[in-house]
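Bear in mind these aren't lab numbers, they're just calculated from the coordinates by the rules spelled out. Nothing here was measured: the structure is a model prediction, and the numbers come from that model. Cβ sites come from the backbone with ideal geometry, for glycine too, and all protein chains shown count toward neighbours.
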Ligand SMILES: [Zn+2]
Ligand SMILES: [Zn+2]
């Protein structure tokens, strides 16, 4: 399976960022990959390196993929909760089950470099 559609969406953001910053040639792309996003790093890298970057303004650019751990926040006491593998259902601070996932669910463009 390919993550091509997802990679194309991300690359659209890269191009927008490049335009905004007057970058004509992108030399580096940094992506953040949430560990619970369901996206595999190998596929994401393959989509970029083999399908998207060739012939684009980011041809030959370095691709850095940083993984982001799943994180949640308690809606009641505000305590930040880091997931260590298993799904956390309750706040370790106040016992509330009203948790909000704040990290680790998405893939996004962290930054780009170029000139
Ligand atoms: Zn392919
Ligand atoms: Zn709490």
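In the chain, the longest principal axis of the Cα atoms and the axis of helix 4-20 are about 70 degrees apart. Structural descriptor for region 8-99: relative contact order 25 percent, calculated from alpha carbon pairs under 8 angstrom and at least 6 residues apart. Between residue 89 and residue 67, what FRET efficiency comes out of the Förster formula 1/(1 + (r/R0)^6) with R0 = 35 Å and r the beta carbon distance, rounded to 0.05? Efficiency, from the Cβ-Cβ distance: 0.90.
In this simple spin-label approximation, residue 50 and residue 30 carry label points 7 Å from Cα along the Cα→Cβ vector, and these lie 2.8 nm apart. The alpha carbons of region 22-62 occupy a box of 33, 21, 12 Å along the principal axes, longest dimension given first. Extending 7 Å from the Cα toward the beta-carbon at both residue 115 and residue 6 defines two label points whose distance is 3.4 nm. Taking the convex hull of the alpha carbon positions in region 1-51 and averaging its projected area over all directions gives 3.8 nm².
Averaging 1/r over every pair of different alpha carbons in the chain and inverting the result gives a Kirkwood radius of 15.5 Å. Counted residue by residue at 0.36 nm each, then reduced by the alpha carbon distance between them, the extension gain from residue 40 to residue 102 reaches 20.3 nm.
Counting only DSSP H runs of at least 4 residues, each contributing -39500 (n - 2.57), and dividing by the residue count of the chain, the helix-based mean residue ellipticity at 222 nm comes to -6000 deg cm²/dmol. So if R0 is 22 Å, what FRET efficiency would residue 75 and residue 20 give, r being the distance between their Cβ atoms, rounded to the nearest 0.05? For residue 75 and residue 20, the calculated efficiency is 0.05.
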